[in-house]
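Trainee: Would you mind keeping the following structure in view while I ask a few things?
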């Protein structure tokens, strides 16, 4: 899903999943590396498609600035795992490789189980 936050929240509720938000900008070099190197990785993709509703939002377009303000995003990329109500479970900033992305996802899932 690209750019559709309300739809992501709805799907997260319906499917009892968390949301993975890639908060990026068009000029961000590490954001481009994530899209080129990390997100296409089969293991990372399979893990996130199975466990999360995945959303990428340009923080400088559409409702991106409002979302950036809501989550206090001030560095890019910011990777956020949120619950179906939009509450932050975990977040990280900067480029991470596929293995680190999977670990981040597992950490988010474990943190959510603690709630």
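The values are calculated or read from the model by the stated rules, or taken from the named source; none is laboratory data. Being a predicted model, the structure only gives us computed values, none of them experimental. Reconstructed Cβ throughout: ideal geometry from the backbone, glycine too, with neighbour counts over all protein chains shown.
Trainee: Would you be able to tell me the number of residues in the stretch 40-62 that are outside any helix (DSSP H, G or I) and without any contact (Cβ under 8 Å) to a residue 60 or more places away in the chain?
Mentor: Result for the stretch 40-62: 12.
Trainee: When residues of the stretch 95-115 are filtered for being surrounded by fewer than 15 Cβ atoms within 10 Å (Cβ to Cβ), in a loop (DSSP other than H, G, I, E, B) and at pLDDT 95 or above, how many remain?
Mentor: Residues meeting the conditions: 1.
Trainee: Yes or no: residue 68 surrounded by 14 or more Cβ atoms within 10 Å (Cβ to Cβ), within 15 Å of the chain's Cα centre (by Cα) and under 19 Å from residue 100 (Cβ atoms)?
Mentor: no
Trainee: Being in contact with a strand residue (DSSP E or B) (Cβ under 9 Å, 6 or more places away or on another chain) and closer than 15 Å to residue 87 by Cβ is the filter here; which residues of the stretch 56-71 pass it?
Mentor: 67, 71
Trainee: It is to be established whether one or more residues within the stretch 75-89 are free of Cβ contacts under 8 Å to residues at least 24 places away in the same chain, part of a strand (DSSP E or B), within 26 Å of residue 15 (Cα to Cα) and out of contact with any helix residue (DSSP H, G or I) (no Cβ under 6 Å at 6 or more places or on another chain).
Mentor: The answer is yes; a qualifying residue exists.
Trainee: Restricting the stretch 1-39 to residues that are touching a helix residue (DSSP H, G or I) at 6+ places or on another chain (Cβ under 7 Å) and in a helix (DSSP H, G or I), which is farthest from residue 81 (Cα to Cα)?
Mentor: For the stretch 1-39, the residue satisfying everything is 38.
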